[in-house]
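Report on the following structure.
The values are calculated or read from the model by the stated rules, or taken from the named source; none is laboratory data. Everything quoted here is computed from the prediction, not taken from an experiment. Every residue, glycine among them, receives a Cβ derived from its backbone with ideal geometry; neighbour counts consider all protein chains shown.
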């Protein structure tokens, strides 16, 4: 039974992520809340890590609550995520911690 509920949650995650428009980003927490599971940010991250349709489900548009890109972006690392976002007009800056961040006030969904 748990496998069915996990599948349903992942499907809800994927449907929510598909709604993030080009040129915008959402946080893992926003997606978790939109799926009805506000304390499931990490599960959202896992669902996106195993995204079955990377070109169709735009997981690159999901960032952490600070706007930080995923250090282990599942489809090529943070530079690939940054490049995908920049092609959509979302610009990320590299900070002192050597991580990339987007401005959520400017690009948030």
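When you scan the range 23-53, how many residues do you find that are within 18 Å of residue 12 (Cβ to Cβ) and assigned to a loop (DSSP other than H, G, I, E, B)?
Number of matching residues: 10.
Inspect the range 46-55 for any residue being closer than 20 Å to residue 108 by Cα and touching a helix residue (DSSP H, G or I) at 6+ places or on another chain (Cβ under 9 Å) and give the result as yes or no.
yes
Scan the range 84-109 for residues that are more than 14 Å from the chain's Cα centre (by Cα), surrounded by 12 or more Cβ atoms within 10 Å (Cβ to Cβ) and in a helix (DSSP H, G or I) and report the count.
Number of matching residues: 1.
In the range 56-80, how many residues are assigned to a helix (DSSP H, G or I) and in contact with a helix residue (DSSP H, G or I) (Cβ under 9 Å, 6 or more places away or on another chain)?
4
Taking the range 1-16 as the region of interest, how many residues are modelled with pLDDT of 95 or more and more than 18 Å from residue 54 (Cα to Cα)?
Residues in the range 1-16 being modelled with pLDDT of 95 or more and more than 18 Å from residue 54 (Cα to Cα): 0 in total.
Could you tell me whether any residue of the range 17-32 is surrounded by 12 or more Cβ atoms within 10 Å (Cβ to Cβ), closer than 25 Å to residue 106 by Cα and modelled with pLDDT under 95?
No, the range 17-32 contains no residue that is surrounded by 12 or more Cβ atoms within 10 Å (Cβ to Cβ), closer than 25 Å to residue 106 by Cα and modelled with pLDDT under 95.
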